[in-house]
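One structure is given below, encoded as structure tokens.
The values are calculated or read from the model by the stated rules, or taken from the named source; none is laboratory data. The shown structure was predicted, so the numbers you read here are calculated from the model rather than taken from an experiment. We place every Cβ from the backbone using ideal geometry, glycine too, and count neighbours over all the protein chains shown. Areas reflect the complete protein model, heavy atoms only, side chains present, ligands, DNA and RNA absent. Shrake-Rupley method; radii C 1.70, N 1.55, O 1.52, S 1.80 Å.
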Amino acid sequence: MRNARVLSILFVVVLLAVAVIAGAQQPKKVSRIGYLSSRDPASESARTEGIRLALRERGHIEGQNIAIEYRYAEGKLDRFSELVAEMVRLKVDIIVIAGGTTYVRAAKNATKTIPIIMTGVGDDPVEAGLINSLASPGGNVTGITLLSRELGGKRLELFKEAVPKLARVAVLYNPATPGSVLDVKEVLPVAARALRLTIQPWEVRAADDFDRVFAAMGKQRPDGLYVVPGPLMGANGKRIAGFAVKSRLPSVYAIRESVDAGGLMCYGADVADSYRRVAIYVDKILKGAKPAELPVQQPTKFELVFNLKTAKQIGLTIPQSLLYRADKVIK
């Protein structure tokens, strides 16, 4: 009887040992994340690195327990739909959309089940029909907005303060982006009237349009250039800044990268901070949270940046009182 009991115990121990060994030999699940950007790899590199570092801090390490599939539309909306379809075929666990409303909508139309985390969206996502509300998104979309449109009036006000002689402002925008059209037709005119400025809209629908528009704009001789944010403008930031400097034209943008590329100034949400916060959503969703229940966040940090090297090139002196308020001054 005693021998039988001992054998039973040994048998159980052996079974437990086998189970532990088998469990240890089971490969760990590697979660797949699709990262779709409206921009190109070079201009997006700092942002993707910020996300990788933030994910690592939360225990999600690329090459170990997560794999990230990177795809770039390089400012071409027609290419984006193909990239989204590819992600769906790859059966990724999460899709991160680094782009505007149109890009998020393309992803939402492609899948109703894969969680979508948006960042870089300047429009109101509720008004755009991407989510039900900020507090309760519903569906499979959540993430972070940039409030670009809400900041348009303030951006124009700061531009006028930086360039006191500003009277006529050329506004560069892509009419294929709904949010940009609202900026030009509704937001900026209100601010311009209050500041006694004249707005001159210029449409750019594709990269091939820039040279033609720049040539025509030069003949009109505006006092400044306001660039409405969007994928096409972001992908051609260096080109736009180069034209502005060559034309000795003060220019204002919504994103820091454009100033780094040679633009005069920018005011907007701290995009780098917003991108880092993407890791919070990835972490929660991988741990079982539903995007429908994760509130959409608005930016908490904003930045005013000036490029004094550019100011010197175009013969402009930025008021010292404004430089004191800047978050970053490039010399």
Which links in Lys76/Lys246; Lys219/Lys246; Lys28/Lys112 stretch past 22 Å when you go from one Cα to the other? Lys76/Lys246; Lys28/Lys112
With charges set only on the Cβ (+1 for Lys and Arg, -1 for Asp and Glu), what does the dipole of segment 99-181 come to about its Cα centre, in debye to the nearest 20? 200 debye
Tell me, what is the per residue accessible area of the chain in Å², probe radius 1.4 Å? 49 Å²
To the nearest Å, what is the center-to-center distance of segment 110-146 and segment 81-104, using C-alpha atoms only? 13 Å
Sort 53-65, 93-105 for me by packing, meaning the mean count of neighbouring Cβ atoms within 10 Å per residue, highest on top. 93-105, 53-65
FRET efficiency for Arg193 and Glu161 from the Cβ-Cβ distance with R0 = 22 Å, rounded to 0.05, comes out at 0.85
Explain nothing, just the number: dipole magnitude of the chain about its Cα centre with +1 on each Lys and Arg Cβ and -1 on each Asp and Glu Cβ, in debye rounded to the nearest 20. 440 debye
Tell me, what ³J(HN,Hα) does each residue in segment 244-255 have, in order and in whole Hz, if you take phi through Karplus 6.51 cos²θ - 1.76 cosθ + 1.60 with θ = phi - 60° and put x for Gly and Pro? 4, 5, 4, 8, 6, 10, x, 9, 10, 9, 9, 10
Roll a 1.4 angstrom probe over the protein heavy atoms and tell me the percent of accessible area of segment 265-305 that is carbon or sulfur. 50 percent
Rounded to the nearest 5, what is the percent of antiparallel bridges among the DSSP beta bridges in the chain? 10 percent
Out of all DSSP beta bridges with both ends in segment 175-331, state the antiparallel percent to the nearest 5. 40 percent
If packing is taken as the mean number of other Cβ atoms within 10 Å per residue, what is the order of 253-265, 234-246, highest first? 253-265, 234-246
Rank-order 315-328, 150-163 by packing density, defined as the average count of other C-beta atoms within 10 Å over each peptide's residues, highest first. 150-163, 315-328
